[in-house]
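Enquirer: Mind looking over this structure? Questions follow.
The values are calculated or read from the model by the stated rules, or taken from the named source; none is laboratory data. Model, not experiment: these values are computed from the prediction. We place every Cβ from the backbone using ideal geometry, glycine too, and count neighbours over all the protein chains shown. Areas reflect the complete protein model, heavy atoms only, side chains present, ligands, DNA and RNA absent. Shrake-Rupley method; radii C 1.70, N 1.55, O 1.52, S 1.80 Å.
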Amino acid sequence: MNAVERLMIPGRVVIITGGAGLLGRKHAEAVIEGGGIPALLDIADEYLSRARETLSEKYPGKKVECQKADITDRQQVETVGNVLLEKYGHIDGLINNAANNPKVEGTSENMKPIRFENFPMYMWMNDLAVGLTGAFVCSQVFGAIMAENKRGGVILNISSDLGIIAPDQRIYRREGLPDDEQTVKPVTYSVIKHGLIGLTKYLATYWAERGVRANALCPGGVFNGQNDEFLTKLTNLIPLGRMANVDEYKSTVLYMLSDASSYMTGSTLIVDGGRTCW
Ligand SMILES: NC(=O)c1ccc[n+]([C@@H]2O[C@H](COP(=O)([O-])OP(=O)(O)OC[C@H]3O[C@@H](n4cnc5c(N)ncnc54)[C@H](O)[C@@H]3O)[C@@H](O)[C@H]2O)c1
């Protein structure tokens with residue numbers, strides 16, 4: 001096989017947690033374009049239907065699995081595993097992508113003006129449940145299936161540039177507001193994204209002999225209509241001078257899922273326009 005052919009993943013079933021979200025749908029596109037079958041696993045029914053519609057329109061005739069499940073609930077995750085195994089006989093990849101993503105442009109619960117000193121316990125528990133416990137549960141259930149399977153498999157943990165560096169809280173500040181009304185990037189984001197890199201190294205060494213590779217991808221922020229003041233502050237911190245386009249991680253994701261990365265395990269791949277260099 002030549003270098004380009006090694007990027008293909010024909011018939012491989014890849015589970016994508018949070019698959020109906022902004023980047024989850026793009027990971028699904030990468031899987032389809034590589035010849036694989038994406039299995040979108042998401043808690044949000046309506047997002048799942050929309051994602052199925054969009055993907056079917058863009059890739060007519062291609063298989064797309066959509067499964068509603070809460071990844072913090074092991075039983076629901078096991079059910080998804082059984083459904084997919086019964087239908088396809090194998091699971092070949094897992095992208096741990098779901099998170100309570102704190103969005104600057106939206107009204108995420110955990111992106112309100114809450115200072116670290118007052119960050120509520122329920123929010124800490126809730127964020128960690130999705131971002132870390134969910135990745136742990138899915139790795140246990142789907143990773144075990146891949147480890148028992150002679151085909152092996154790949155786990156790809158979606159961390160962040162903020163899995164490498166601390167958030168620069170100055171970019172979230174709004175002129176003229178007192179400290180207690182300023183939004184800060186939640187502490188849970190740092191803890192989860194650093195934690196996923198730890199999970200990656202653990203899984204990579206634990207399952208190396210069983211043919212399951214595990215790697216982490218650290219994407220930088222994706223442009224999604226953020227306000228100009230924020231954009232200017234953020235892009236000043238990025239050597240390439242801009243946020244990522246939503247399509248810009250697809251090729252990296254396919255590379256990490258495919259045999260093109262067959263000698264890569266336990267690695268943390270940073271794709272952030274250079275932000276973490278500064
Ligand atoms: N968007 C960015 O700029 C960016 C940058 C770096 C890293 N990331 C990371 O990439 C990943 C995807 O980000 P996104 O922007 O697509 O987020 P998103 O909010 O659009 O998608 C997250 C998805 O996870 C789902 N989800 C939440 N809780 C769940 C649960 N308990 N069980 C199953 N599904 C659940 C949501 O319904 C949603 O569809 C996240 O881990 C995020 O931290 C995003």
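Enquirer: Looking at segment 1-41 only, could you name the residues that are near the ligand (Cβ under 10 Å from one of its atoms) and not in a helix (DSSP H, G or I)?
Expert: Ile16, Thr17, Gly18, Gly19, Ala20, Gly21, Leu40, Leu41
Enquirer: Still on this structure, please answer the following. Only residues that are of a type in the set (Asp, Glu) and within 11 Å of the ligand (Cβ to nearest atom): list them for segment 83-142, please.
Expert: Matches in segment 83-142: Glu105, Asp127.
Enquirer: For residues in segment 42-57 being without any contact (Cβ under 8 Å) to a residue 40 or more places away in the chain and open to solvent by less than 70 Å² (accessible area, probe 1.4 Å), which is nearest to the ligand (Cβ to nearest atom)?
Expert: Ala44
Enquirer: Does segment 195-214 contain at least one residue that is within 11 Å of the ligand (Cβ to nearest atom), closer than 30 Å to Met264 by Cα and open to solvent by less than 30 Å² (accessible area, probe 1.4 Å)?
Expert: Yes, segment 195-214 contains at least one residue that is within 11 Å of the ligand (Cβ to nearest atom), closer than 30 Å to Met264 by Cα and open to solvent by less than 30 Å² (accessible area, probe 1.4 Å).
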